[in-house]
Every structure is written in C-alpha cells, then in structure tokens.
Amino acid sequence: MWGWVAGAALVLGGLAFGVDFLDPPWSALGLLLSSSGFAWGCAALVAGFAADRRGRSIGAAVAVLAIATVVYYGLIAVDGSRWEGATLEDGSSATAAGLVHVARATLFWLAASAVGGALLGWLGHTIRRGGDRAAAVAAGCALALLAGQGAVVVLRAGPVTGWWFAQALAQVVGAAAVTAALLGRRDTPRWWSFAAAGLLCGAVAVPAWSVVSGLQVG
C-alpha cells in the first residue's frame, strides 16, 4: 500500500511542478488534474478510502499530500527559476529572500497537508466502513471540500471565462462524480443524506477556500 501512496505522491508533485510552465489551455487542464484542491483532495480521499484501518487511512492521506508537497517545492528549489537572479530595490540579490519564501510556503502546505490529509483520510475511511448514514454524511463533506476551490471561481462576481471557468466547473462536477462513485460502492447508499451534507458543508467550505485562495504563500 505504502508503495503506491509514495508513487502517487511523486507523480502528483512532479506534475504540479510541470504545470507551472504550461500555457492555456494546457495549463488549465493541468491545474484541474494535478495542481488544484480537487486533484490533491482526491488523492488523499482515495488513499483514505483504500486503507483497511482508520489509522492507516489517515496516515496514507497525510503521507500522499506531504510527500507531494515536498516533491513540488523541492523541484522549485532545485530548478531555481523562481528565486535565482532576482534583485531587491537597492540592487542587492534577492536569492536568500526567495529561498525563505520557498521554505515558508513548504512549511505552510505541509501543515495544511497534515490537517487536510487527516480529515480527508478519516472521511475516506468513514465512506467505506462507517454506517450508512455516517458514510453518506462523510461523502457529502468530502464533496464540499473537493469542490470548494472550483466553486469559489465559479461563483466569483468578477468575469472568469474561457478555460479557467471550464476547469473550475470541472472541479465541482468531478468532485461530485468521485464522491458519488465511492459512496455508490456501498450496498445501501443514502443519496439524500449525501446531498444534504454536501450543501451544508459547502456553506462552510466555499468561504474557507476563498480565504485560503487569497493567501500569498506560493
């Protein structure tokens, strides 16, 4: 199990780094598949769903996000194109400040990986092994978390059109499809509880994603 968790994390982090160098429409597609809250959340949720025990579910979900984060920012540090050669207003090198920014972003997203991974791992475990009602509520909460970042863009007052709107909408649709597919593996899925939990959790998740999206942490 841990082998495929590490492999998935390596692929996720590597693809997220590569997407940074793409132009539309490929950048929009890459964002959807490897650089979005939907993509990373799906990896954590599925890891939690696949594990056979609660502790392993949480550990696997945290591990896939943490390893992907280290890979992504490790590649940024090695590549250097984002922080080498820049200068400050007084003409001095901004290399040290750039590296500090990379380190700060790494620590921030590692902390987020621990919190978000633990939550999504627990939700994935509950969807698979909890009672019928608990599983439906967990799937609805997972839907809100996975769709939240895309929903922020879709519901934004300003004009967001073209490929970026399409990928944001695809995040929402994809989140619904993934969580419904996991819940649908149960013998008696409770779809109304799933929908209600998704709407209620979405009322919290969307504003929370709006705050996170506005943070300048790299």
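Against the chain, whose longest principal axis comes from its Cα atoms, helix 54-79 is set at around 20 degrees. Charging the Cβ of each Asp and Glu at -1 and of each Lys and Arg at +1, and nothing else, the dipole of the chain about its Cα centre rounds to 1040 debye.
Rank these by accessible area, largest first, 1.4 Å probe: 21, 49, 108.
Largest to smallest exposure gives the sequence 21, 108, 49.
From helices alone, the chain scores -26500 deg cm²/dmol at 222 nm; the rule is -39500 (n - 2.57) for each run of n ≥ 4 DSSP H residues, then divide by the residue total. Surface composition of the stretch 116-206: carbon and sulfur atoms hold 70% of the protein heavy-atom accessible area at a 1.4 Å probe.
Per residue, the chain exposes an accessible area of 51 Å² to a 1.4 Å probe, with every protein chain left in place. Packing-based ranking of 4-12, 54-62 yields 54-62, 4-12, ordered from highest to lowest mean Cβ neighbour count within 10 Å.
Given their separation in residues at 0.36 nm each and the Cα-Cα distance between them, residue 22 and residue 213 gain 66.7 nm when the chain is fully extended.
Each listed q (0.13, 0.20, 0.28 Å⁻¹) maps to a log10 I(q)/I(0) for the stretch 15-71 from the Debye sum over equal C-alpha point scatterers, namely -0.37, -0.70, -1.02.
Scaled to the globular estimate 2.2 N^0.38 Å, the Cα spread of the chain, given as radius of gyration, is 1.07. How large is the Rg to Rh ratio of the stretch 102-171 when both quantities use alpha carbon positions and Rh follows Kirkwood? That ratio equals 1.11.
Highest GNM mean-square fluctuation among 135, 103, 176, for the chain modelled with Cα contacts below 10 Å: 103.
The values are calculated or read from the model by the stated rules, or taken from the named source; none is laboratory data. In this text, all values refer to a predicted model and were calculated from it rather than measured experimentally. Every residue, glycine as well, gets a Cβ built from its backbone with ideal geometry; the counts of neighbours run over all protein chains shown. Surface areas here come from the heavy atoms of the whole protein model, side chains and all, with no ligands, DNA or RNA. Shrake-Rupley method; radii C 1.70, N 1.55, O 1.52, S 1.80 Å.
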